[in-house]
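Before any comments, here is the structure.
The values are calculated or read from the model by the stated rules, or taken from the named source; none is laboratory data. Fair warning: this is a prediction, and the values are worked out from it, not measured in the lab. Cβ: placed from backbone, ideal geometry, glycine included. Neighbour counts: every protein chain shown.
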């Protein structure tokens, strides 16, 4: 039985006080420990959110990391720095970084290798644009992104990864892949892991859905056999709604 994961990506939102208050409200919401809960604030609030969740089972993740250990890389944050701040997880290859900041599969791969040398749990994102879906290239795109991200990653290392399928066309648009569409892609991704690695790894790796997940649609999405949780954007900024999604994962 795969343990569900519900991660909230706060993106570039909130201020310090609001971040602490939101984290505290989620912790207070009665999380029973049957799923892994991860909050991903902006890096400047990582330590504050870590402090707010310290007495709970809630993890704290970063939204990105750089692949170099140190050096003249203005504005970047190393994996070791994130660990030092108390982070437990890190998101890699989010579609907004791919689409807006030109992040490539090769860069995601470098970042994944860097994270593998640390205790952080990587949440690796893949997903297609609307044009790619309408052209019937969804499977081709997400498999290519997996091939690129997991290049040189061993089976033991891959077993540490949480994968997130996030159709770009469904992020922040209010559109959501139907549960059947999402399940189809998740199953294909699991089949890819079986061919790339082993059946045991494919059955054990957790694959999240990300794309306008809300309290109102979470139960139907998360009831699908190959959907193991959610990477939540806007709805994670509202404690009540995020707790509804957590309840659906339970």
*Counting only residues that are modelled with pLDDT under 95, give me the helices (runs of 4 or more DSSP H) lying completely in the range 70-126 with at least 1 of them.*
95-101
*List every residue pair whose Cβ atoms lie under 8 Å apart, where the two residues are 6 or more positions apart in sequence or sit on different chains, the first residue falls within the range 9-23 and is on the phi > 0 side of the Ramachandran plot and touching a residue at least 12 places away in the same chain (Cβ under 8 Å), and the second residue, located anywhere, is surrounded by 13 or more Cβ atoms within 10 Å (Cβ to Cβ) and part of a loop (DSSP other than H, G, I, E, B).*
11/42; 11/63; 11/233; 14/41; 14/42
*Among the residues of the range 224-247, write down those that are part of a helix (DSSP H, G or I) and buried (at least 22 other Cβ atoms within 10 Å of the Cβ).*
236, 242, 245, 246
*Applying the selection to the range 4-25, what residues are within 11 Å of residue 238 (Cα to Cα) and in contact with a strand residue (DSSP E or B) (Cβ under 7 Å, 6 or more places away or on another chain)?*
8, 10, 23
*Does residue 64 satisfy being closer than 21 Å to residue 163 by Cβ, at pLDDT 95 or above, assigned to a helix (DSSP H, G or I) and out of contact with any strand residue (DSSP E or B) (no Cβ under 6 Å at 6 or more places or on another chain)?*
no
_Top-ranked residue in the range 127-150 [being over 19 Å from the mean Cα position of the chain (by Cα) and outside any helix (DSSP H, G or I); ranked as surrounded by the most Cβ atoms within 10 Å (Cβ to Cβ)]_ = 137
_If I ask for residues that are within 17 Å of residue 60 (Cβ to Cβ) and either without any contact (Cβ under 8 Å) to a residue 24 or more places away in the chain or within 16 Å of the chain's Cα centre (by Cα) (or both), which ones from the range 234-250 would you list?_
236, 237, 242, 246
*Please specify each residue of the range 158-182 satisfying the condition of being farther than 16 Å from residue 125 by Cα and in a helix (DSSP H, G or I).*
179, 180, 181
